1. In a shell of Cβ-Cβ distance under 10 Å around residue 64, excluding residue 64 itself, what net charge do Lys and Arg (+1) and Asp and Glu (-1) give?
2. If you bin the C-alpha pair distances of segment 7-91 every 5 Å from 0, what whole percents do you get?
3. Got a sec? Which residues in segment 110-144 would a label at residue 73 touch, if it sits 7 Å along Cα→Cβ and we count backbone N under 18 Å?
4. Under a Cβ-Cβ cut-off of 11 Å, what is the net charge of the residues other than residue 53 that fall near it, where Lys and Arg count +1 and Asp and Glu count -1?
5. Semi-axes, largest first, in whole Å: what does sqrt of 5 times each Cα gyration tensor eigenvalue give for segment 39-158?
Amino acid sequence: MYQLICFIKAVSAGVCMMNTTWRDQQHPSFISFISSFLAANSFRLNFVPISPDFIFNCGGLSVAFIFVTKWDCGNVGTIFSRAKKLKAQFAHLYVTLNLPTRDQNDSFLCSYFKYEMQLGRPTFVPVQDIEMGFEKIVKIAHSCGVSKQQEVKSKLKAERNQSVQELENFIRVVTSIPGIDNHDANAVFMLSLSSLFSLLSSFRVVILFI
């Protein structure tokens with residue numbers, strides 16, 4: 001029995017879409033492992049006819065994966081041509097390769113330069129067994145989703161800080177007027193907001209009538 005390691009403790013970590021053709025090419029026990037692993041890590045699994053082997057949606061970010069479970073040293077061209085094609089379609093694409101032997105690893109390294117792959121576009125992730133490979137896929141997808149959420153939070157925080165700075169500048173300008181204190185400045189600011197909302201409401205009424 002495989003030992004499942006839960007990386008994600010959220011109620012819903014995201015959605016995993018698996019290519020139906022890729023699924024049919026794998027051993028049923030491996031598909032069972034994937035299903036159990038995803039469930040343990042709070043991912044929903046859907047089987048759909050997609051171009052990559054997997055697409056994860058985490059935190060509003062889509063991350064695509066090619067998962068090569070059997071490296072054929074005599075037929076590597078299709079793998080790299082597929083990677084080049086999909087990297088133009090997906091901003092976040094990773095290629096996970098199961099390379100359990102040294103010969104397979106050497107074959108990959110030679111082929112990587114032979115087909116003139118651009119470093120990091122896409123990122124290739126060699127592993128030594130397929131279970132480890134899928135665990136890495138989930139880790140990568142989750143990490144990308146977390147990074148995206150942190151980026152959104154940072155942007156909102158920056159916008160909030162900018163709004164606070166603008167308010168402070170407004171109050172500083174108003175209080176520079178003789179006889180106006182902070183209380184008066186805040187009252188003027190709130191009055192300005194009220195007038196703005198009233199104006200916007202008027203525009204809305206006009207638009208509705210039009």
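1. Values: positive: 87; negative: 53.
With Lys, Arg at +1 and Asp, Glu at -1, the net is 0.
2. For segment 7-91, the pair-distance distribution reads 3, 13, 21, 24, 18, 13, 5, 2, 0.
3. Inside the label zone: 110-115, 127-129.
4. Around residue 53, the surrounding residues sum to +2.
5. Numbers: eigenvalues 151, 54, 36 Å².
So the three semi-axes of segment 39-158 are 27, 16, 13 Å.
Every number here is computed from the coordinates shown, using simple stated rules; none is lab data. In this text the structure is predicted, and so the values were computed from the model without any measurement. Please note: Cβ atoms are built from the backbone with ideal geometry, for glycine as well, and neighbour counts cover all protein chains shown.
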